[in-house]
Amino acid sequence: MRHALPAARRDQGQPVTTWHLNSDKPVYTRYAEPSSSGTAYQVLGFPDPVLRRSIAVHEAGHAMLYFASGMPLGEIHICDDLGKTPGEGGAAWVKASGRFSVPYEHYIAMCAAGERAQDRWMREQGLWTPERAWVIERLSAHDRNLVAECLKECRRAELGFGYTPAGGLDFAVVHRAADAALAHLWDRVLRLAEAIDEHGHLTGPEAARYADMTRIAVPGDQPTGAAA
């Protein structure tokens, strides 16, 4: 049985977000878990070229908020198997090129920007369905874990779904922050996604050139840390 968490109260005119408890609880998603069986990729149902561009948009969303926040970007990479090979890790990643210090609000918005970029892109391409949106959320579990870890480290607080824990945040607030940041950069997100799709691997400076972003910290030699 699946349950919907009571919607968060309306805050300063913001829309209410209802979070759905998935069968492998305690995982919550904005969109209900599909009743049909199948792997995430089967539910998504994209041919490989569309899947690859969707993944590129996800990584471009992360990367643009790296640039906008002054975080040093080391590389962006899409795996040839698009994440379909069991046990081989994720489909793609964005890696930093060294240590950095930015306001935690910027970091967590960057973490959420991948899934929010994919959601917007699917809507604009006429590909969006609640089932596909659910898959994007589930495939972004690592990013959501980074948000939760950041809140614990920076605020000693929890990440909530449908409510705001003491000192913490409702994840809907993080989504709205990512959406707002991406809105100002959307044309560049799409331009960078096209380059990621075409080349499969970009260094930080290469990505900055394709995105026409000049606010980028000088990358170091070895990429460290990741948001994928």
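Give me the net charge of Trp93's neighbourhood, meaning all other residues with Cβ under 10 Å from the Cβ of Trp93; Lys, Arg count +1, Asp, Glu -1.
Working: positive: Lys95; negative: Glu59, Glu75.
The answer is -1.
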* To do: May I ask which residue of Trp93, His77, His106 lies farthest towards the positive end of the charge dipole of region 69-145, with charges of +1 (Lys, Arg) and -1 (Asp, Glu) on Cβ and the Cα centre as origin?
  => His106
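In the chain, what percent of the accessible surface is made up of carbon and sulfur (1.4 Å probe, ligands and nucleic acids excluded)? Mind showing how you got there, number by number?
On the way: 5700 of 11450 Å².
Percent of accessible area from carbon and sulfur atoms in the chain: 50.
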* To do: Please report how far the C-alpha centroid of region 90-105 lies from that of region 140-160, rounded to the nearest whole angstrom.
  => 14
* Report the normalised scattering of region 41-130 as log10 I(q)/I(0) at q = 0.16, 0.22 Å⁻¹, calculated by the Debye formula with identical scatterers on the alpha carbons. => -0.69, -1.11
* Taking N as the number of residues in region 80-151, what is its alpha-carbon radius of gyration divided by 2.2 N^0.38 Å? -> 1.25
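Could you do me a favour and compute the accessible area per residue for the chain, 1.4 Å probe, result in Å²?
Details: 11450 Å² over 228 residues.
Value for the chain: 50 Å² per residue.
Report the Stokes-Einstein translational diffusion coefficient (µm² s⁻¹, integer) for the chain, Rh taken as the Kirkwood radius over Cα pairs, at 37 °C with viscosity 0.692 mPa s. List each step's numbers first, then the result.
Numbers: Rh = 17.9 Å.
Once the numbers are plugged in, D ends up at 184 µm²/s.
Ranking request for peptides 186-196, 92-102: highest mean number of other beta-carbon atoms within 10 Å first, then the rest in descending order. Display every interim value, and only then the final one.
Numbers: 186-196: 19.8, 92-102: 17.9.
Going by the mean number of other Cβ atoms within 10 Å, highest first, we get 186-196, 92-102.
The values are calculated or read from the model by the stated rules, or taken from the named source; none is laboratory data. Computed from a predicted model, the values in this text were never measured in an experiment. For neighbour counting, all protein chains shown are included, and Cβ atoms are generated from backbone atoms with ideal geometry for every residue, glycine included. The area values use the complete protein model at the heavy-atom level, side chains included, leaving out ligands, DNA and RNA. Shrake-Rupley method; radii C 1.70, N 1.55, O 1.52, S 1.80 Å.
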